[in-house]
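The values are calculated or read from the model by the stated rules, or taken from the named source; none is laboratory data. Predicted model, so just to flag it, every value in this text is computed and none were measured. Glycine gets a Cβ as well: all are built from the backbone with ideal geometry, and neighbour counts include every protein chain shown. The area values use the complete protein model at the heavy-atom level, side chains included, leaving out ligands, DNA and RNA. Shrake-Rupley method; radii C 1.70, N 1.55, O 1.52, S 1.80 Å.
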Amino acid sequence: MLDYIRGRVVRKSPTRLVLEVAGIGYLLHIPLSTFEKIPNHEETTVLTQLFIKEDQIKIFGFATGEERELFQLLLSVNGIGPTTAITILSGSCVDDIKDAVAREDAKALEKIKGIGKKTAERIVLELKGVIKEMSYPADSGIVTGQKALVSDAIMALVSLGYGRPVAEHAVNEVMKKLKTIDNVEVLVREALKYKA
């Protein structure tokens, strides 16, 4: 699985980016938010998500982990494919999308070009619990410096085959119990025990 690609920016547009790595040009499909952060004709690192279908292989690229994480969440919504997920990310910033979902404000999502009422409502319905868990309320015991650790642990559990809501619940419960953890391996191990 591709996690990231580091290479020289050959060309970019609001929806596509070509990175040259060891003489090979990789075409990445990107949201507008990533386009704005990528430098012209310089070496850069882009986080990736590989998408394989019967008739095509596409690589999606992201400037930040938050963009990629939201993209993956959107893909978990029934009826949303990678193109629609990229459209949503291009139509608003990550924080505004998460905020709209957490507030159950489907009308805010409808303002994104190409997103209809039913799709917006489905996003809110299927992701509101997950987004609220990701918001890390003040009483959850998760301090700012630990958010990356929590995110890495959740991704590790997902890669082991657990559903994202289950993984997030387990990790958040462990964080509440143990308060401070500075090692992702310990957090994953404890979350696996909690799940068991």
Fill in the blank from the handout: Descending accessible area (1.4 Å probe), largest on the left, turns Met175, Met155 into Met155, Met175
Practice task
Give me the angle, in degrees from 0 to 90, between the Cα long axis of helix 82-91 and the longest principal axis of the Cα atoms of the chain, rounded to the nearest 10.
Solution key: 90
Handout entry: Contour minus Cα-Cα distance for Asp3 and Thr64 (0.36 nm per residue)
Key = 20.8 nm
Practice task
Answer rounded, prolate or oblate for region 6-79, using the Cα gyration tensor with square roots of eigenvalues a ≥ b ≥ c: rounded when a/c is under 1.5, else prolate when a/b is larger than b/c, else oblate.
Solution key: oblate
Practice task
Pop the C-beta distance of Glu20 and Lys177 into the FRET formula with R0 = 45 Å and round what comes out to the nearest 0.05.
Solution key: 0.40
Problem - Cα gyration tensor shape of region 67-126, rounded if a/c is under 1.5, else prolate or oblate by comparing a/b with b/c - result: rounded
Problem - Calculated [θ] (222 nm, deg cm²/dmol) that DSSP helices of n ≥ 4 give over the chain, each run adding -39,500 (n - 2.57) - result: -15500 deg cm²/dmol
Handout entry: In Hz, Karplus ³J(HN,Hα) per residue of region 36-47 (6.51, -1.76, 1.60; θ = phi - 60°; x = Gly, Pro)
Key = 5, 9, 7, x, 7, 6, 10, 7, 8, 10, 10, 6
Fill in the blank from the handout: The long-range amide H neighbours of Arg16, using H built 1.01 Å from N in the peptide plane and a cut-off of under 5 Å, are Ile30
Exercise for the section: Report, in cubic angstrom per residue, the convex hull volume of the C-alpha atoms of the chain. Expected result: 136
Fill in the blank from the handout: For the chain, the accessible surface attributable to carbon and sulfur atoms (probe 1.4 angstrom, ligands and nucleic acids excluded) amounts in percent to 52
Completion exercise
With the 8 Å Cα cutoff and a minimum separation of six or more residues, the chain has a relative contact order in percent of 12
Exercise for the section: In whole Hz, with x marking every Gly and Pro, tabulate ³J(HN,Hα) for region 26-31 from phi via Karplus 6.51 cos²θ - 1.76 cosθ + 1.60, θ = phi - 60°. Expected result: 9, 8, 10, 8, 10, x
Handout entry: Burial ranking of peptide ranges 45-53, 3-11 (average Cβ count within 10 Å, highest at the top)
Key = 45-53, 3-11
Practice task
Report the relative contact order of region 1-88, percent, no decimals, based on alpha-carbon pairs under 8 angstrom and at least 6 residues apart.
Solution key: 25
Handout entry: GNM flexibility winner over the chain from Ile57, Ile86, Ile38 (Cα, springs under 10 Å)
Key = Ile57
Exercise for the section: Measure out, as a whole number of angstrom, how far apart the alpha-carbon centroids of region 1-65 and region 72-109 sit. Expected result: 20
